[in-house]
Amino acid sequence: MNKWSNRLTHHRSAIIDGEDFITSVADALQHISYFHPPDYIQALAEAYRREASPAARDAIGQLLTNSRLCAEGRRPICQDTGIVVVFLSIGMDVRWEASAGVEEMVNEAVRRAYRNPDNLLRASMVADPAGARINTGDNTPAIVHTRLVPGHTVEVKVAAKGGGSEHKAAFATLNPSDDIVSWVLETVPAMGAGWCPPGILGLGIGGTAEKAMLLAKESLLDPIDMHALKARGPRSRLEELRMELHDKVNALGIGAQGLGGLTTVLDVKIRDYPSHAASLPIALIPNCAATRHARFVLDGTGPATLAQPNPADWPNVAWAPTSDARRVNLDAVTRDDVLGWKAGETVMLSGRLLTGRDAAHRRIADLLSRGESLPAGLDFTNRFIYYVGPVDPVRNEVVGPAGPTTATRMDKFTDLMLTRMGLLGMIGKGERGPAALEAIKRAKGISLIAVGGAAYLVSKAIRSARVVAFPDLGMEAIYEFVVENMPVTVAVDAAGRSIHETGPAEWKRRINLRIDDR
Ligand code: SF4
């Protein structure tokens with residue numbers, strides 16, 4: 001026998017039942033939809049305690065309150081319940097008792113989890129991505145990565161990755177002499193706020209293009225331990241790099257939701273792999289406020305059970321609007337009124353609100369380009385539109401979790417909506433691009449943000465919901481919500497001033513002053 005052979009050794013083998021595997025993955029997907037991992041809650045609570053920027057602290061307070069409400073109500077942390085990513089390490093001594101392949105079983109688990117009537121999750125996957133983009137209806141297929149390893153168990157890591165943060169993934173092939181820190185510090189500000197910070201950065205360094213991306217993605221599933229790492233000190237070059245990047249990215253002042261503040265990242269994870277002498281591939285993938293992942297091991301003794309978090313894991317934070325917030329009646333607000341709203345101020349909205357996101361905007365633009373009119377009853381004059389694709393309701397809910405989606409994706413439609421449709425304002429998340437800023441300034445409109453990742457909390461402000469147009473678009477249909485005291489912040493005022501420009505610039509300046517004073 002040589003070192004690669006195990007022929008003469010008696011060793012255990014395990015039989016993994018297909019149904020146990022499916023049940024375990026489906027249960028894990030439900031679990032992570034409403035339970036944040038305890039390490040994320042702890043790190044977020046610490047960020048809340050030390051945050052000095054009132055706007056960022058308010059946003060983190062909403063995220064923490066949302067997190068606890070979701071755990072209590074067993075409803076999704078975010079309306080985007082994610083794209084399912086699974087990493088499997090399958091022991092070579094494992095035998096399966098299953099009638100389907102492993103990927104097929106993962107997809108069956110996704111189907112069961114996302115259609116669970118007790119906690120319906122949103123189906124976000126579309127087939128024919130370069131063409132018709134038809135929703136597959138059950139959030140399948142998952143992205144499955146499998147490796148074969150020695151042993152007789154199956155290790156499963158399950159994640160539900162938010163689209164807004166996945167959208168900001170970046171890759172470069174650097175020259176070996178290029179500086180990794182400089183690349184990260186150029187890349188992160190360019191990601192804007194649509195990835196819903198504070199979160200975690202995953203870096204993959206080395207390998208090839210696809211290997212670096214996989215390293216970055218898997219690194220995000222490691223527990224948050226920056227606090228412990230700083231307490232004990234680095235033991236390797238990678239740990240030094242993690243600490244350096246953590247400090248320098250936070251010193252950019254981007255802050256929670258890009259509003260400007262002390263904490264942009266809770267941790268920086270890095271995995272590396274040898275690379276070709278000629279190049280230095282590097283991948284960066286952010287994880288958002290909806291950090292959702294779990295790990296379990298199957299050994300043939302039955303399905304896995306995940307430990308439930310302890311209520312004491314959440315800090316004693318119950319978010320409430322400040323008393324000086326501006327109260328607005330959406331049914332009476334005029335263009336003249338919004339002229340007085342200032343970037344950065346908190347507004348509580350009550351009244352009727354239309355919704356719409358990518359597909360609805362595209363359809364409106366297509367209808368108008370063909371000279372056709374909008375569906376009967378759809379009128380945007382002096383209205384606000386909320387960029388949202390809610391989760392379907394369960395039990396007595398009027399709507400499921402309904403947080404904002406990234407506003408920049410609607411930038412190219414903003415001029416059309418404000419000038420031709422008579423829209424007054426928009427609510428989304430993250431910054432607006434130059435075209436939207438210009439259109440807002442020209443039309444004297446307004447752009448607001450709600451907290452991305454606080455979807456269940458936001459949905460508590462929605463009193464009724466009905467579909468008014470494009471029902472075939474599912475979660476992308478146009479709804480009319482009646483809201484009461486929905487908390488938002490003015491992101492871009494009628495003069496075109498953006499809190500996402502002024503906030504981070506101000507906090508970068510303050511942080512650097514503090515560093516210089518040390
Ligand atoms: S927290 Fe933000 S990026 Fe993450 S899933 Fe929710 S909306 Fe998307």
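Quick rundown of the values:
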read-out	value
Amide hydrogen neighbours beyond the local backbone of ASP17, cut-off 5 Å, H modeled	GLU97
TRP183 accessible area, assembled protein chains, probe 1.4 Å, Å²	30 Å²
Accessible area, probe 1.4 Å, largest first, for residues SER89, SER99, SER236	SER99, SER236, SER89
Value of [θ]222 nm, deg cm²/dmol, for the chain, DSSP H segments ≥ 4, -39500 (n - 2.57) each, nearest 500	-9500 deg cm²/dmol
In Å², nearest 10: area of ASP93 left accessible to a 1.4 Å probe	40 Å²
Computed over the range 228-326: relative contact order in percent, which uses C-alpha pairs under 8 Å that are six or more apart	13 percent
Whole-Å distance, taken between Cα centres, linking the range 269-330 and the range 15-37	17 Å
Rounded to 5, the percent of DSSP beta bridges in the chain classed as antiparallel	55 percent
Partners for LYS269 among lysines (Cα-Cα distance below 27 Å; same-chain residues under 8 apart left out)	LYS157, LYS161, LYS168, LYS211, LYS217, LYS230, LYS248, LYS429, LYS508
Convex hull volume per residue for the range 427-518, taking Cα atoms only, in Å³	150 Å³
Unit charges on C-beta of K, R, D, E only; dipole of the range 125-234, Debye	180 debye
Solvent-accessible surface (1.4 angstrom probe) belonging to THR489, in square angstrom, nearest 10	30 Å²
Selection from ASN139, THR419, VAL86, by position along the positive dipole direction of the chain (Cβ)	THR419
Dipole moment magnitude, nearest 20 debye, the chain about Cα centre, only Lys, Arg, Asp, Glu C-beta charged	640 debye
Alpha-carbon centroids, the range 204-253 and the range 484-518: separation in whole Å	26 Å
Global form of the range 381-468, assessed from the alpha-carbon gyration tensor, a/c cut-off 1.5	prolate
Accessible area per residue in Å² at 1.4 Å probe, computed on the chain	42 Å²
Projected label distance in nm at VAL181 and ALA318, using a 7 Å step from Cα toward the beta-carbon	4.5 nm
Solvent exposure, largest accessible area first (probe 1.4 Å, DNA, RNA and ligands not counted), of ARG510, ARG363	ARG510, ARG363
Probe 1.4 Å, all protein chains present, accessible-area order of MET486, MET92, largest first	MET92, MET486
Portion, in percent, of the accessible area of the range 409-517 that falls on carbon or sulfur, probe 1.4 Å	52 percent
The range 1-123, accessible surface, carbon-and-sulfur percent (1.4 angstrom probe)	49 percent
Most positive-pole-ward Cα, PRO37, ALA55, ASN116, against dipole of the range 1-135 from beta carbon charges	ALA55
Within the range 116-172: Cβ-based charge dipole about Cα centre, in debye rounded to nearest 20 (Lys, Arg +1; Asp, Glu -1)	200 debye
Mean Cα-pair separation over length for the range 152-248, i.e. relative contact order, pairs under 8 Å, 6 or more apart, %	24 percent
Percent RCO, i.e. relative contact order, over the chain, from Cα pairs under 8 Å lying at least 6 residues apart	19 percent
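The values are calculated or read from the model by the stated rules, or taken from the named source; none is laboratory data. Bear in mind that the values here come from a model prediction, so they are computed numbers and not experimental data. Methodologically, a virtual Cβ is constructed for each residue, glycine included, from the backbone with ideal geometry; neighbour enumeration extends over all protein chains shown. The area values use the complete protein model at the heavy-atom level, side chains included, leaving out ligands, DNA and RNA. Shrake-Rupley method; radii C 1.70, N 1.55, O 1.52, S 1.80 Å.
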